[in-house]
Amino acid sequence: MTSAALPPSSVTVRVPAKVNLELLVGAPREDGFHPLVTVYQAVGLCDDVTASRSPGWTLGVTVPDWIDPDAVPVTGDNIVDRAARLLAEHHGAELHAAVSVTKSIPVAGGMAGGSADAAAALVALDRLWDLDTSDDDLLRLAAELGSVVPFALVGGTALGTGRGELVEPVRDPATWWWVVVPSDAGLSTPAVYRRFDELTPDAPAEPEEARALLLALATRDPVILAGALHNDLEPAALDLRPDLADLLELGEQSGALRGLVSGSGPTCLFLAEDADAAREVAGRLSEEHDVVLVTNGPVAGAHVVTYA
Ligand code: ATP
């Protein structure tokens, strides 16, 4: 005899940050969004989102000592609130849960931490409320919440098109090692795109294809990948934060194969030859920067780690 499993009282979902191995940006569309061709990679810096049974709705955020707690809204403006409302409305369900977000992804750093939390909240609440939302519906709700939210569900390495919300997994058979240097002050993504528009009046209506980057991934050779990394937003981010150019140079002088601004910045990424090289680069950068992280990718998208 079988019995239906009881819905859980608490679900924790782990969700990764993203880096853009290639980010090609076109001229703004009529709806104001920029068309993108990007290759996302999910890396092992993760936030955890826990949703527990509760008669009302509460949201708490915990940050490590290097993240400013005031940088993350907790008063209804958090993207997790929006994700929860959207999922509840989609099913005609009531909004009741106690949600806590434990952050490790830099805030306003160009690593899509908010988008990651939204994706994790969709998955955690879907399980907590026993909704059985289809993958297609989850991806559609994710795209409503933000252009990078669908990728946070999918994870791995993926080609992103449209405004970044259309994601298609791509072959990426290696493990790549990254050194990540967050910045004390964040950069506003819309401000970086505005500066991109000013600096690039001749941006194409449709960005090119990312073929060279995809071929580089298949070689598994970090030197080849280093040569193929590209971010169209980097000049705009460096224009707003000229100090980042010194950091990129320091990382490359410290043995990184390549330094790159992450998405809209200001977090900087350094591709290293392997795990040992990453630790060496991180050691040297730590002499001048308080927070230096080592991680690798690709890793899985939003996934349940505790179901109780
Ligand atoms: P992206 O790379 O997607 O442009 P980002 O990594 O630069 O994003 P986020 O960390 O997602 O930036 O934060 C952008 C803004 O979103 C922050 O300034 C913050 O006020 C707001 N925000 C809302 N919810 C969250 C959340 N759960 N975590 C972090 N920031 C959040």
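The values are calculated or read from the model by the stated rules, or taken from the named source; none is laboratory data. Just so it is clear, the structure is predicted and the values come from calculations on it, not from any experiment. Neighbour counts run over all protein chains shown; Cβ positions are idealised from the backbone, glycine included.
Annotations
- Residue in segment 130-147 that is more than 11 Å from the ligand (Cβ to nearest atom) and touching a strand residue (DSSP E or B) at 6+ places or on another chain (Cβ under 7 Å) present: no
This table checks each residue for (1) modelled with pLDDT of 95 or more; (2) loosely packed, with under 14 Cβ neighbours inside 10 Å.
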position: E208; (1), (2): no, yes
position: L215; (1), (2): yes, yes
position: P222; (1), (2): yes, no
position: N231; (1), (2): yes, no
position: L238; (1), (2): yes, no
position: L257; (1), (2): yes, no
position: T267; (1), (2): yes, no
position: R284; (1), (2): yes, no
position: V299; (1), (2): yes, no
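- Any hit, segment 51-68, residues being surrounded by fewer than 19 Cβ atoms within 10 Å (Cβ to Cβ), within 15 Å of the ligand (Cβ to nearest atom) and among the small types (G, A, S): yes
- Residues of segment 250-289 that are in a helix (DSSP H, G or I), under 21 Å from M111 (Cβ atoms) and without any contact (Cβ under 8 Å) to a residue 24 or more places away in the chain: E252, R279, S286.
- Segment 168-195: number of residues that are acidic (D, E), out of contact with any helix residue (DSSP H, G or I) (no Cβ under 6 Å at 6 or more places or on another chain) and outside any strand (DSSP E or B): 1
- Within segment 154-173, one or more residues are of a type in the set (V, I, T) and either within 11 Å of the ligand (Cβ to nearest atom) or surrounded by 24 or more Cβ atoms within 10 Å (Cβ to Cβ) (or both).
- Among the residues of segment 188-217, those identified as over 22 Å from the mean Cα position of the chain (by Cα) and not charged (D, E, K, R) are L199, T200, P201, A203, P204, A205, A212, L215.
- Residues that are in contact (Cβ under 8 Å) with a residue 24 or more places away in the chain, surrounded by fewer than 22 Cβ atoms within 10 Å (Cβ to Cβ) and among the hydroxyl-bearing types (S, T, Y) within segment 94-146 comprise S100, T102, S104, T133, listed in sequence order.
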